[in-house]
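Let me begin by presenting the structure, written as structure tokens, before commenting on it.
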Amino acid sequence: MLLSELPNGAHAMVERVISASPEVSSITVQRLEELGFIAGEPVLMLRRGPGGREPLAVQIGETLFALRLIEAQSIAITLTETVGA
């Protein structure tokens, strides 16, 4: 599953950061990893922008990030808790 598919309020664990499209360079992958999107880190999808689109507000640890959809599509995750669970 990709971070871009995670519903609002759901918790997940980062598996890895991948280059999901030609628009995502190795520099972007490296930047995401440096920001804390590394294997084993818990992530929470807080909310999406207007109309359920960009930006996506996600939390890693105590840090809040606003990601573009293409960046969120580059983060493979494992769902750990669903909304209302």
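Every read-out reported here was derived from the displayed coordinates using simple, explicitly stated rules and does not represent laboratory data. Worth saying up front: this structure is predicted, and the values here are computed from it rather than measured. When we count neighbours, we look across all protein chains shown, and the Cβ atoms used for this are built from the backbone with ideal geometry, even at glycine.
Here are some notes:
- Residue count for region 25-34 satisfying the condition of being within 27 Å of Glu81 (Cβ to Cβ) and either in contact with a helix residue (DSSP H, G or I) (Cβ under 7 Å, 6 or more places away or on another chain) or surrounded by 15 or more Cβ atoms within 10 Å (Cβ to Cβ) (or both): 3.
- Residues of region 50-85 classified as part of a loop (DSSP other than H, G, I, E, B) and exposed (fewer than 13 other Cβ atoms within 10 Å of the Cβ), total: 7
- The residues of region 40-85 that are touching an Asp or Glu at 6+ places or on another chain (Cβ under 7 Å) and under 11 Å from Ala12 (Cα atoms), listed by number, are Ile60, Ala76, Ile77, Thr78.
- Answer residue from region 25-40, given it is assigned to a loop (DSSP other than H, G, I, E, B) and under 14 Å from the mean Cα position of the chain (by Cα) and is farthest from Glu71 (Cα to Cα) among those: Gly40
- So Ala39, is it touching a residue at least 24 places away in the same chain (Cβ under 8 Å), loosely packed, with under 14 Cβ neighbours inside 10 Å and of a type in the set (A, V, I, L, M): yes
- Residue list for region 54-77, filter: closer than 15 Å to Leu2 by Cβ and over 11 Å from the mean Cα position of the chain (by Cα): Glu54
- When the test is whether a residue is touching a residue at least 24 places away in the same chain (Cβ under 8 Å), among the basic types (Lys, Arg), loosely packed, with under 12 Cβ neighbours inside 10 Å and part of a strand (DSSP E or B), Arg16 does not pass it.
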